[in-house]
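The values are calculated or read from the model by the stated rules, or taken from the named source; none is laboratory data. This structure is a prediction, so every number in the text was calculated from the model and none was measured. FYI the Cβ positions are ideal-geometry reconstructions off the backbone, even for glycines, and counts take in every protein chain you see. With ligands, DNA and RNA removed, areas are computed over all heavy atoms of the protein, side chains included. Shrake-Rupley method; radii C 1.70, N 1.55, O 1.52, S 1.80 Å.
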Amino acid sequence: MAMAALRREGRRILLSTPSPAAAMAARSPAVSQPEIAPHGARSISTQVVRNRMKSVKNIQKITKAMKMVAASKLRAVQIRTENSRGLWQPFTALLGDAPSVDVNKNVIVAITSDKGLCGGINSTSVKVSKALHKLTSAFMYSGPEKESKYVILGEKGKVQLIRDSRKSIEMTVSELQKNPINYTQTAVLADDILKNVEFDALRLVFNKFHSVISFKPTMTTILSPEVMEKETESGGKVGDLDSYEIEGGETKSEILQNLTEFQFSCVLYNAALENACSELGARMSAMDSSSRNAGDMLDRLTLTYNRTRQASITTELIEIISGASALEG
Amino acid sequence: MLRHAAHRLASRAAVAGRRALSTAGVPAQAAEDSAFVEAWKKVAPNIEAPKTPMTLMQPRPPTPAAIPTKLTINFVLPYKSEIANKEVDMVIVPATTGQMGVLPGHVSTIAELKPGVLSVHEGNDVTKYFVSSGFAFVHANSIADIVAVEAVPLDQIDPSLVQKGLTEFTAKLGSASTDLEKAEAQIGVDVHSALNAALTG
């Protein structure tokens with residue numbers, strides 16, 4: 001947004017400095033505040049352009065610094081993310097994945113960031129969540145009790161979704177990254193969500209970090225224990241869960257309950273880390289293109305500044321010389 | 001973009017057909033994705049469908065006909081993958097019903113873990129870890145996944161701190177008033193006595 005404003009200003013500067021031929025006549029009345037030079041001679045002001053140059057240079061410095069901060073934070077989080085990638089694989093190996101499962105109560109958990117200036121990742125997550133909402137509450141799965149609710153983690157997602165889906169938002173959580181993400185915090189958060197939200201299927205939407213320039217929206221589905229039992233009995237796509245023996249005296253439903261909760265907390269931990277990585281990577285590239293744009297703008301402004309300065313010197317010289325030649329007669 | 005998705009699905013299915021060892025899982029997985037992708041395209045044709053975990057994971061090998069000689073284990077913690085795809089002879093996990101030994105060809109099982117010692121036997125080496133709770137899955141293809149919240153090698157545990165913790169939590173259990181406090185104190189006592197047993201036993 002800041003960059004768009006700067007670009008507009010830059011264009012205004014360019015428009016107000018047309019071709020040199022027409023410039024002479026047009027410029028003196030067109031540009032604001034004529035400087036009063038000590039001899040009372042009038043010269044064209046370069047103050048405006050100089051102010052713009054100073055502010056653009058500051059913006060360039062700030063965005064460069066933000067990029068370096070994001071890069072250093074990314075290094076640390078990336079290591080932790082890669083270490084946590086093994087965590088969700090056992091669950092998918094055991095329980096399979098059923099993204100097209102047909103249930104009544106869908107809850108879409110969208111992970112977004114709290115801070116802005118991170119490119120388009122939050123908009124992508126929100127777009128995917130909205131499409132999922134339409135998918136699960138409209139047809140493929142139409143029915144009277146089909147409903148879809150949101151649980152939003154992160155301020156940016158809340159701001160975007162609250163505009164048109166305020167009624168479907170069940171719960172929002174912010175300040176996820178105040179302390180570095182660790183498993184205990186996500187376990188408590190997962191517990192909170194599981195306790196307060198009724199669901200048949202939880203769909204977790206986040207941006208998976210593939211590389212510094214590539215983040216793909218990903219969706220993990222977690223079924224509630226009852227739905228899981230139903231799917232295994234109906235021979236659904238959840239694999240042959242029935243063929244597994246349950247160690248210990250617990251019944252299958254108790255184990256499935258514990259399994260669901262554990263799966264959710266593990267998957268949420270990995271998803272939060274991946275999203276944090278994606279956010280930092282997106283911020284790095286956004287700030288990088290900002291500083292490059294600011295550099296380009298600074299070059300253009302420098303040219304304008306020099307032209308203005310030279311034109312004012314030329315004008316002064318012309319006035320002096322024509323005055324002198326008028327005196328000589 | 002959608003054509004690419006369809007092309008990718010088709011090529012994946014084709015590859016699955018060609019591979020002799022492809023598991024029943026792979027074509028089913030492609031079909032599963034396509035049901036979701038179809039529905040997605042109807043609702044949101046301009047947005048690419050999100051990826052799902054099955055597409056991001058290596059498919060697991062199928063169940064072999066004969067019992068294999070080695071067990072492949074994956075031992076993961078939230079902050080790292082302690083053991084990944086390692087072939088071992090036996091692993092003993094602390095299930096809620098007691099120490100459970102898993103050998104190659106073990107029947108597929110889901111076991112919930114309690115705080116205790118996990119030992120991995122490879123030839124003559126035995127590596128022992130103290131794990132807090134978690135889950136252990138043994139699959140039919142002799143792959144065992146152990147997911148735990150925390151694990152430490154036994155030599156990093158300080159016995160004096162274990163004793164101190166045990167007395168502290170036993171005192172708390174005695175003086176606990178609400179159910180929540182009692183449950184927390186009981187958990188503390190269980191974990192510390194397991195630690196004690198691990199160090200001495």
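Buried (at least 16 other Cβ atoms within 10 Å of the Cβ), assigned to a loop (DSSP other than H, G, I, E, B) and either more than 12 Å from every other protein chain (Cβ to nearest Cβ) or more than 18 Å from the chain's Cα centre (by Cα) (or both): is that true of B:ALA65 in this structure?
Against the criterion (buried (at least 16 other Cβ atoms within 10 Å of the Cβ), assigned to a loop (DSSP other than H, G, I, E, B) and either more than 12 Å from every other protein chain (Cβ to nearest Cβ) or more than 18 Å from the chain's Cα centre (by Cα) (or both)), B:ALA65 does not qualify.
Can you tell me how many residues in segment A:283-318 are open to solvent by 20 Å² or more (accessible area, probe 1.4 Å) and closer than 17 Å to A:ALA65 by Cα?
Number satisfying all stated conditions: 8.
If a residue counts only when it is within 16 Å of the chain's Cα centre (by Cα) and more than 25 Å from B:PRO61 (Cα to Cα), which strands (runs of 3 or more DSSP E) contained entirely in segment B:81-175 have at least 1 such residues?
Output list reads B:90-95, B:109-113, B:116-122, B:125-131, B:151-153.
Return the pair list, or none, for Cβ contacts closer than 9 Å from residues in segment A:300-329 that are of a type in the set (Asp, Glu) to residues that are at pLDDT below 95 and open to solvent by 100 Å² or more (accessible area, probe 1.4 Å), at least 6 apart or on different chains.
Sorted first by the residue in segment A:300-329, then by its partner, the pairs are A:GLU316/A:ARG42; A:GLU319/A:ARG42.
Yes or no, residue by residue, for (1) away from every other protein chain (no Cβ under 13 Å); (2) of a type in the set (S, T, N, Q):
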residue: B:ASN85; (1), (2): no, yes
residue: B:VAL88; (1), (2): yes, no
residue: B:GLY98; (1), (2): no, no
residue: B:VAL120; (1), (2): yes, no
residue: B:GLY123; (1), (2): yes, no
residue: B:VAL138; (1), (2): no, no
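Find all pairs meeting these conditions: Cβ atoms under 7 angstrom apart; at least six residues apart or on different chains; first residue within segment A:91-119 and more than 8 Å from chain B (Cβ to nearest Cβ) and modelled with pLDDT under 85; second residue in a loop (DSSP other than H, G, I, E, B) and open to solvent by less than 10 Å² (accessible area, probe 1.4 Å).
From residues that are more than 8 Å from chain B (Cβ to nearest Cβ) and modelled with pLDDT under 85, the pairs are A:LEU95/A:VAL238; A:ASP102/A:TYR141.
So which of A:LYS167, A:LYS178, A:LYS115, A:LYS195 is surrounded by fewer than 16 Cβ atoms within 10 Å (Cβ to Cβ), under 24 Å from A:ARG85 (Cα atoms) and not aliphatic (A, V, I, L, M)?
Exactly one of A:LYS167, A:LYS178, A:LYS115, A:LYS195 is surrounded by fewer than 16 Cβ atoms within 10 Å (Cβ to Cβ), under 24 Å from A:ARG85 (Cα atoms) and not aliphatic (A, V, I, L, M), namely A:LYS178.
Consider segment B:140-191. How many of its residues are open to solvent by less than 10 Å² (accessible area, probe 1.4 Å), of a type in the set (A, V, I, L, M) and away from chain A (no Cβ under 14 Å)?
Here the count works out to 2.
Only residues in segment A:255-276 that are facing another protein chain (nearest Cβ under 9 Å) count as the first member; pair them with residues that are hydroxyl-bearing (Ser, Thr, Tyr) and open to solvent by 10 Å² or more (accessible area, probe 1.4 Å), Cβ under 7 angstrom, at least 6 apart or cross-chain, and list the lot.
That search, which allows pairs on different chains as well, returns A:VAL267/A:THR220; A:TYR269/A:TYR183.
How many of the residues in segment B:68-80 are hydrophobic (A, V, I, L, M, F, W, C) and either over 30 Å from A:PRO180 (Cβ atoms) or not in a strand (DSSP E or B) (or both)?
Matching residues across segment B:68-80 total 1.
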